[in-house]
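Working notes, structure below.
The values are calculated or read from the model by the stated rules, or taken from the named source; none is laboratory data. All of these numbers come straight from a predicted model, not from anything done at the bench. Because the Cβ atoms are built from the backbone with ideal geometry, glycine has one as well, and the counts that use them run over all protein chains shown.
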Amino acid sequence: MRLKLLLLLGCWFFHSLLFSQDILQANDLSKINIDQVSDADISKLIQQLKQSSVSITEVEQMAAAKGMPQSEISKLKQRIAVLEGKGTSKKTAIDVQYNQRETIPGNYPVIEKKDHQEIKIFGAQLFTTASLAFEPNLRIATPSDYQLGPDDELEINIFGVQEAHYKVQVQPEGTINIPNVGIVTLAGLTVEEAKKLIRDKLVKTVYKSIGNGQTHFTLTLGNIRSIRITILGAAKPGNYTVSSFTTLFNALYLCGGPEKIGSFRSIELIRNNKVHLRADLYQFLLKGNTSQNILLKEGDIINIPVYQKRVTITGEVKRPGLYELLDNETAQTLIDYAGGFTEKSYTANIKVNQFSNRERRVKDLSQTDFALYLPGKGDSIAIEPVLDKYENRVTITGAIYRPGIYELKEGMKLGELLKKAEGFREDAYLNRALLKRQKSDHSKEMIAFSLKDWMDDPAKDLLLQKNDSIVISSIKDMADEKLITVSGEVRKPGVFLYRNQYTLKDLLLESGGFTEAASAYRIEIARRIKAADTNTVSNKLAEIMQIDVDRDLDTKGNQLLLEPYDLITVRKNPGYAEQKQVKVEGEVLYPGHYTIQTKKDRISDLISRAGGFTDIAYQDAISLTRINKQAKAQEDEKAKVVAGEMADSINNQQVAELLDPKVKIAINISTILDNPASDENLYLEEGDVLEVPKKDLLVKISGEVYAPTKITYEAGRSLKYYLSRAGGLTDKARHNSIYVVYANGQIAKTEKYFFGLIKHYPRIQTGADIIVPARKAKSKLTTGEILGMAGIIVSMAGVAVSIMNTLK
């Protein structure tokens with residue numbers, strides 16, 4: 001009794017230990033409870049999966065194959081996701097679902113859904129799109145209204161009777177010095193004014209021929225001066241040093257445009273402490289008007305004030321967004337700014353969401369008020385789509401020439417609709433048609449009527465209503481489709497549509513005629529039984545007829561008429577046989593392909609026809625490779641068993657060879673030659689390949705040995721001898737699972753007797769492959785697991801002592 005109790009406690013302890021280390025290793029997971037598995041065990045499983053490169057999908061498939069319930073699989077996937085940092089706890093999910101919560105009287109939670117897609121301010125993209133650089137063009141001709149200032153460089157080119165070329169710079173005092181001409185004051189003059197003044201100066205001094213036209217001169221701007229401007233209220237405000245060719249738009253792009261609260265409609269250009277210009281960017285954005293894009297001057301200040309009124313327009317407009325409106329601009333102006341309505345917009349009425357002093361309010365705006373209503377600050381106008389319904393539609397389908405949707409006119413009747421649809425077809429079922437109608441309460445009703453009655457009495461013509469749908473059935477719809485099936489030795493077997501006066505010859509012609517293997521003298525027709533008396537039950541399922549047909553497809557006697565649903569089978573001629581070949585490879589006198597003579601040809605017959613074996617043939621390694629579905633299925637099961645038992649010791653190539661469609665069958669050639677009538681002497685099948693290798697005098701040792709190698713075979717030596725020649729077993733070797741693959745494909749593994757105390761190792765032959773599998777990798781116990789085990793052992797020891805004291 002005491003011994004049994006200790007054994008039970010020990011079994012429970014080791015089962016718990018194994019379960020905590022390998023969750024998915026058990027064969028039956030139908031009773032597992034994931035909630036009782038610790039996080040440490042799940043983390044260990046995650047580590048093992050990463051080392052084995054196993055995906056979560058593969059884990060799910062493995063668990064389901066071992067009986068784990070789907071609910072526990074879901075828990076396991078969630079635990080893995082949380083511990084990997086990819087999952088969300090319940091608290092996090094709730095926080096995501098309810099972004100903001102406040103309590104109001106009555107304890108009703110108000111959930112505000114956050115819109116993470118911010119509505120774009122119209123015009124902001126002008127300053128955020130990299131392709132719209134708005135850099136000043138320095139290669140254009142000098143503008144005639146450009147005012148000269150210090151550091152501007154002028155090029156004076158004189159040509160004709162007199163020639164000269166001067167480059168002069170405007171001094172800080174606003175003057176230039178032309179050689180042989182003198183000082184000219186240009187400060188504050190435009191290029192056109194400066195050109196006239198310089199010409200007069202040249203004519204009065206040394207270049208008098210300019211006056212009579214014999215000499216000409218040009219004035220161009222060389223190097224351009226820089227100016228300093230100040231920008232306020234921009235995304236990047238500050239002082240800027242820019243080219244004197246810089247315009248207002250160039251500067252706005254340079255500073256990133258207005259800030260988030262900046263105005264696009266009233267940008268001020270301050271010059272000499274006065275507002276020189278108020279720019280409205282909408283004139284450029286909507287009309288391409290650049291009249292306000294003037295050149296900047298030294299000391300200019302660009303001030304972008306805050307906006308006064310912005311209004312949102314969404315829904316069915318071509319350019320929804322956030323627009324800035326002036327005080328006198330109406331809802332119609334806003335709609336025009338948004339590009340107008342789309343084709344699907346509902347224009348009879350729009351909804352305006354307003355802000356009052358205390359709360360929100362809604363205003364319905366009719367189409368006549370669009371040009372009168374002045375939107376308020378923060379208004380949001382929503383343009384809804386038209387309803388997805390028709391106000392004047394009727395539908396007709398079925399056995400008519402032009403089914404579809406038609407316009408419903410006032411007082412329209414069924415006869416007019418049929419005329420538009422070009423009438424019903426010849427196969428129309430006139431005794432009964434259906435009218436599907438939607439009633440005023442949106443419920444639907446079905447009205448059956450007779451087209452024949454309407455044709456006989458036009459007064460019975462139906463008055464149509466909105467959304468009526470008429471269905472006119474076809475006679476073909478009222479009956480089963482009549483088919484005939486042909487199979488067997490015809491060139492195009494399949495299902496064919498029955499026709500009146502359809503003969504067997506017609507069917508055979510349509511199916512391509514007989515194949516070469518067909519037996520024309522034994523065609524079977526299976527005909528459906530139709531009992532005249534419906535109250536009679538018969539045991540007969542079909543009427544079978546045997547028909548003989550000539551090779552020219554004529555039946556002997558009268559032509560046989562087929563009936564709907566006949567099943568025709570063309571049998572194969574029992575005397576027909578296609579040639580089948582096998583192959584002999586390796587150490588025989590005449591290797592190559594051989595044609596099977598009879599169904600009773602065996603392996604011994606093939607060896608005899610091949611001239612027998614050569615002197616170096618290794619008869620114990622002869623194997624037969626066969627492509628046969630039944631044999632393949634049996635061998636696949638064997639391969640799966642081997643792969644399952646030795647999955648940690650064989651490589652992918654070996655598994656692929658075991659599961660190859662070509663099945664390798666081990667041959668006992670000595671039994672075959674000594675007793676040709678034995679079952680070992682297999683009958684030959686098409687595609688068989690008999691492989692006769694030459695003798696391999698080596699034995700291969702692979703797997704968990706220190707020096708995998710091939711060594712010379714020595715008769716009588718045991719498996720341990722060959723292992724010692726390869727350096728012996730490593731620490732990872734599984735001693736009890738060593739197996740041998742022989743040259744003919746047979747596998748022998750180590751046998752254990754008397755609870756594993758006695759082991760019988762496979763015998764060794766030439767050409768054998770000794771494989772030493774590796775033990776499964778065991779993860780080391782963590783400090784917490786060691787302490788837990790120690791606690792369990794101490795507890796078990798205490799329980800054992802208590803039980804022993806009780807038994808005393």
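Checking each residue in region 618-628 for being aliphatic (A, V, I, L, M) and buried (at least 19 other Cβ atoms within 10 Å of the Cβ) picks out Ala621, Ile622, Leu624. Per the listing Ser366, Ser345, the residue uniquely in contact with a strand residue (DSSP E or B) (Cβ under 7 Å, 6 or more places away or on another chain), free of Cβ contacts under 8 Å to residues at least 40 places away in the same chain and either of a type in the set (Gly, Ala, Ser) or not assigned by TED's automatic domain parsing to the domain that holds Tyr146 (or both) is Ser366. All of Thr205, Thr215, Thr185 fail the test of being closer than 19 Å to Tyr146 by Cα, in the same structural domain as Glu153 (by TED's automatic domain parsing) and polar (S, T, N, Q), apart from Thr185. Within region 701-712, the residues that satisfy the criterion of being under 18 Å from Ala743 (Cβ atoms) and in contact with a helix residue (DSSP H, G or I) (Cβ under 9 Å, 6 or more places away or on another chain) are Ile701, Thr709, Ile711.
Would you please name the residue that is farthest from Val394 (Cα to Cα), looking only at residues in region 419-450 that are in contact with a helix residue (DSSP H, G or I) (Cβ under 9 Å, 6 or more places away or on another chain) and not in a loop (DSSP other than H, G, I, E, B)? Per the criteria, the residue is Ala428.
When residues in region 498-527 are screened for being of a type in the set (Ser, Thr, Tyr), at pLDDT 85 or above and under 22 Å from Gly575 (Cβ atoms), 1 of them pass. Of the residues making up region 290-319, those that are in a loop (DSSP other than H, G, I, E, B) and more than 30 Å from Pro237 (Cβ to Cβ) are Glu316, Lys318. Among residues of region 279-307 that are aromatic (Phe, Trp, Tyr), those with a Cβ under 8 angstrom from a residue that is assigned to a helix (DSSP H, G or I) and buried (at least 16 other Cβ atoms within 10 Å of the Cβ), sequence gap 6+ or separate chain, pair up as Tyr282/Tyr337; Phe284/Phe249. Annotation: Thr368 fulfils all but one of (1) at pLDDT below 90; (2) in a loop (DSSP other than H, G, I, E, B); (3) of a type in the set (S, T, N, Q); the unmet one is (2). Scan region 702-717 for residues that are over 50 Å from the mean Cα position of the chain (by Cα) and either outside the structural domain of Arg734 (by TED's automatic domain parsing) or in contact (Cβ under 8 Å) with a residue 40 or more places away in the chain (or both) and jot them down. Within region 702-717, Tyr713, Arg717 meet the criteria. Residues that are among the aliphatic types (A, V, I, L, M), loosely packed, with under 12 Cβ neighbours inside 10 Å and out of contact with any Phe, Trp or Tyr (no Cβ under 8 Å at 6 or more places or on another chain) within region 457-511 comprise Ala459, Leu463, Ala479, Val495, Leu497, Leu509, listed in sequence order. The residues in region 221-239 that are assigned to a strand (DSSP E or B) and surrounded by fewer than 18 Cβ atoms within 10 Å (Cβ to Cβ) can be counted, and the count is 6.
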